[in-house]
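Engineer: Mind having a look at this structure? Questions to follow.
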Amino acid sequence: MHAFNRDLGAFLPGADLYNSVMQQIGVGIVGCGGVTLQNHIPGLAMCADAKVVALCDTDAACLERAARETGVRTTTNKYEDVIARSDVQAVIIATPNITHAPIAQAAIAAGKHVLCEKPIAMNYADALAMYRAAEAKGVRNMSAFTYRFVPAMRYLAHLVKSGALGQPYHFRSCRLQDWGRRSLGWRQVAKLAGTGELGDMLSHRIDFSQMLLGRMERLVANTKRYFDDRSGQASDLEDWVAILTEFANGATGVLESSKIATGRNESWRSQDYLELNGSDASFVFFTERWNELQVGKPGGMGLEKITIPKEFWAWPASPRDATQGDPLVTFRYDQAFEFIDAIRNQRPCTPSFLDGARAQAIMDAAVRSVAERRWVQLENYE
Ligand SMILES: NC(=O)c1ccc[n+]([C@@H]2O[C@H](COP(=O)([O-])OP(=O)(O)OC[C@H]3O[C@@H](n4cnc5c(N)ncnc54)[C@H](O)[C@@H]3O)[C@@H](O)[C@H]2O)c1
């Protein structure tokens, strides 16, 4: 039996289902900070056939808070302990970027399914190696490109796939947040994060640009760091990034992202805009308008609003009721559902580590473009 949980905005399994532990997929979570509390734990709570059995964090206070919130008593500060457990079949990695690849590779070697936060690695070679290792071992692999789960994004992808855009002309995305000068923690340190705004926020937009329009062929990028310190701590990563690109299908792309767009707000309600223009239509998407797209038609007077059909409001087969809870929060829970459902049904996850590697190829090229102040041709990434 499922009962509706108002806080999560989802139908959650009743005790009878949770008691059938033998059939549940045991999940270990490595990294119990912001994204685990916000996305992974409530997402897993929605999955009748998953159970969090072990938690890991190097910070004792974070570990304790997550243990309190989940009631999970098996905790450790060493990810190796989680991976070694026989009751853990799947691992979620939600630690700072530098640690993703080694933890994922260790989990894969132990035969565990892996959902890894983005960016999944520090470079394309490591990301591709993760994908190949997971495929060779026959374990499910998933990159946490959460914005693919926004209902309007899913419907947009469906429309583009069905040919509604006609010949693709332009991709445009603009993510504007205001984090001010506050400390970003590990996110502002190159040796922990790899890149700043590029990996943090633009990586999602790189992912869905390629999901919608396919491979990029060449690009030129620029980044800028405005603050060398944030709240008294050194920062050596960019606060702003932009990429100008051409896709292999001939479309152009302009992608911009900033952490210091004053007054825009820090939350997910801040600006997250995408526009596609093609010969047959234009589509405009804002994350905050989760169930709406704006559409332009040839010769039209301007853009018109359409409501996303109800069948796109939640991921296929997800138990989530999209009319309950805050829809800007709850769409994220479908990500854990997709991971568990793919394990249960022995099928590839969407998005996979290959999607993570494809985004990483673009990030690497952007870093090279900035360093060498030139256009970069994308080699044959997979
Ligand atoms: N998909 C999304 O929408 C989304 C949103 C936020 C963050 N993220 C990604 O999730 C990851 C974590 O981000 P966050 O915001 O939760 O950061 P966070 O700092 O809030 O949490 C990270 C946690 O990992 C712990 N940790 C660090 N090293 C560890 C190790 N070796 N073993 C175990 N635990 C360790 C830290 O103590 C901390 O509690 C990052 O890769 C980030 O890019 C993705």
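Engineer: For the subset of the stretch 228-251 comprising residues that are more than 20 Å from the chain's Cα centre (by Cα), under 18 Å from L202 (Cα atoms) and not charged (D, E, K, R), which member is surrounded by the most Cβ atoms within 10 Å (Cβ to Cβ)?
Structural biologist: Filtering the stretch 228-251 for residues that are more than 20 Å from the chain's Cα centre (by Cα), under 18 Å from L202 (Cα atoms) and not charged (D, E, K, R), the one surrounded by the most Cβ atoms within 10 Å (Cβ to Cβ) comes out as T245.
Engineer: Search the stretch 52-68 for residues being more than 10 Å from the ligand (Cβ to nearest atom) and not in a helix (DSSP H, G or I), and hand back the single one that is farthest from E80 (Cα to Cα).
Structural biologist: In the first step, residues of the stretch 52-68 are kept if they are more than 10 Å from the ligand (Cβ to nearest atom); the result is 52-54, 64, 67-68.
Among the residues that remain, those that are also not in a helix (DSSP H, G or I) are: 52-54.
Numbers: V52: 16, V53: 14, A54: 12 Å.
Per the criteria, the residue is V52.
Engineer: Would you check which residues across the stretch 256-280 are closer than 21 Å to K161 by Cβ and either crowded, with 18+ Cβ neighbours inside 10 Å or within 22 Å of the chain's Cα centre (by Cα) (or both) and list them?
Structural biologist: So in the stretch 256-280, the residues closer than 21 Å to K161 by Cβ come out as 274-280.
Answer for the stretch 256-280, where residues must be closer than 21 Å to K161 by Cβ and either crowded, with 18+ Cβ neighbours inside 10 Å or within 22 Å of the chain's Cα centre (by Cα) (or both): L274, E275, L276, N277, G278.
Engineer: Exactly one condition in (1) open to solvent by 60 Å² or more (accessible area, probe 1.4 Å); (2) more than 23 Å from S318 (Cβ to Cβ) is not met by Q89; state its number.
Structural biologist: Condition (2) is where Q89 drops out.
Engineer: A101 versus (1) closer than 24 Å to D334 by Cβ; (2) within 14 Å of the ligand (Cβ to nearest atom): which is the lone unmet condition?
Structural biologist: Result: A101 fails condition (1) only.
Engineer: Determine if the stretch 27-36 includes at least one residue that is under 20 Å from the mean Cα position of the chain (by Cα), open to solvent by 30 Å² or more (accessible area, probe 1.4 Å) and closer than 10 Å to A94 by Cβ. Working first, answer last.
Structural biologist: Pass one, the stretch 27-36, residues under 20 Å from the mean Cα position of the chain (by Cα): 27-36.
Within this subset, residues satisfying the condition of being open to solvent by 30 Å² or more (accessible area, probe 1.4 Å) are 34-35.
Narrowing further to those that are closer than 10 Å to A94 by Cβ: 34-35.
Within the stretch 27-36 (the criterion being under 20 Å from the mean Cα position of the chain (by Cα), open to solvent by 30 Å² or more (accessible area, probe 1.4 Å) and closer than 10 Å to A94 by Cβ), the answer is yes, since at least one residue qualifies.
Engineer: Take the stretch 356-382 and flag every residue that is without any contact (Cβ under 8 Å) to a residue 12 or more places away in the chain and either crowded, with 20+ Cβ neighbours inside 10 Å or on the phi > 0 side of the Ramachandran plot (or both).
Structural biologist: Matches in the stretch 356-382: R373 only.
Engineer: Would you please name the residue that is surrounded by the fewest Cβ atoms within 10 Å (Cβ to Cβ), looking only at residues in the stretch 204-225 that are within 16 Å of the ligand (Cβ to nearest atom) and closer than 20 Å to N380 by Cβ? Break it down stepwise before answering.
Structural biologist: Of all residues in the stretch 204-225, those within 16 Å of the ligand (Cβ to nearest atom) come to 204-208, 211.
Then keep just the ones that are closer than 20 Å to N380 by Cβ; that gives 206-207, 211.
Working: I206: 29, D207: 24, M211: 21.
Top of the filtered list is M211.
Engineer: Now for a separate question. Just checking, does the stretch 239-253 include any residue being of a type outside the set (D, E, K, R) and at pLDDT below 95?
Structural biologist: The answer is no, given that none of the residues of the stretch 239-253 is of a type outside the set (D, E, K, R) and at pLDDT below 95.
Engineer: Mind counting the residues in the stretch 75-98 that are in contact (Cβ under 8 Å) with a residue 40 or more places away in the chain, more than 9 Å from the ligand (Cβ to nearest atom) and among the small types (G, A, S)?
Structural biologist: Number satisfying all stated conditions: 1.
Engineer: Something else about it: Check the stretch 39-51 and report whether any residue there is modelled with pLDDT of 95 or more, farther than 23 Å from D334 by Cβ, within 23 Å of the chain's Cα centre (by Cα) and among the charged types (D, E, K, R).
Structural biologist: Checked against the condition, which is being modelled with pLDDT of 95 or more, farther than 23 Å from D334 by Cβ, within 23 Å of the chain's Cα centre (by Cα) and among the charged types (D, E, K, R), the stretch 39-51 yields no hits at all.
Engineer: Report whether or not A342 is surrounded by 23 or more Cβ atoms within 10 Å (Cβ to Cβ) and part of a helix (DSSP H, G or I). It would help to see each step written out before you state the result.
Structural biologist: On the way: surrounded by 23 or more Cβ atoms within 10 Å (Cβ to Cβ): no; part of a helix (DSSP H, G or I): yes.
It is false that A342 is surrounded by 23 or more Cβ atoms within 10 Å (Cβ to Cβ) and part of a helix (DSSP H, G or I).
Engineer: I'm trying to understand the selection: among the residues of the stretch 134-152, which are farther than 23 Å from S173 by Cα, open to solvent by less than 30 Å² (accessible area, probe 1.4 Å) and not polar (S, T, N, Q)? Quick ask: steps written out before the conclusion?
Structural biologist: Quick first cut of the stretch 134-152, residues farther than 23 Å from S173 by Cα only: 134-142.
Then drop every residue that is not open to solvent by less than 30 Å² (accessible area, probe 1.4 Å), which leaves 134, 139, 141-142.
Of everything in the stretch 134-152, those that are farther than 23 Å from S173 by Cα, open to solvent by less than 30 Å² (accessible area, probe 1.4 Å) and not polar (S, T, N, Q) turn out to be A134, V139, M142.
The values are calculated or read from the model by the stated rules, or taken from the named source; none is laboratory data. Fair warning: this is a prediction, and the values are worked out from it, not measured in the lab. Here the Cβ is made from the backbone with ideal geometry for all residues, glycine too, and neighbour counts use every protein chain on show. Side chains included, ligands, DNA and RNA excluded: accessible areas come from the protein's heavy atoms. Shrake-Rupley method; radii C 1.70, N 1.55, O 1.52, S 1.80 Å.
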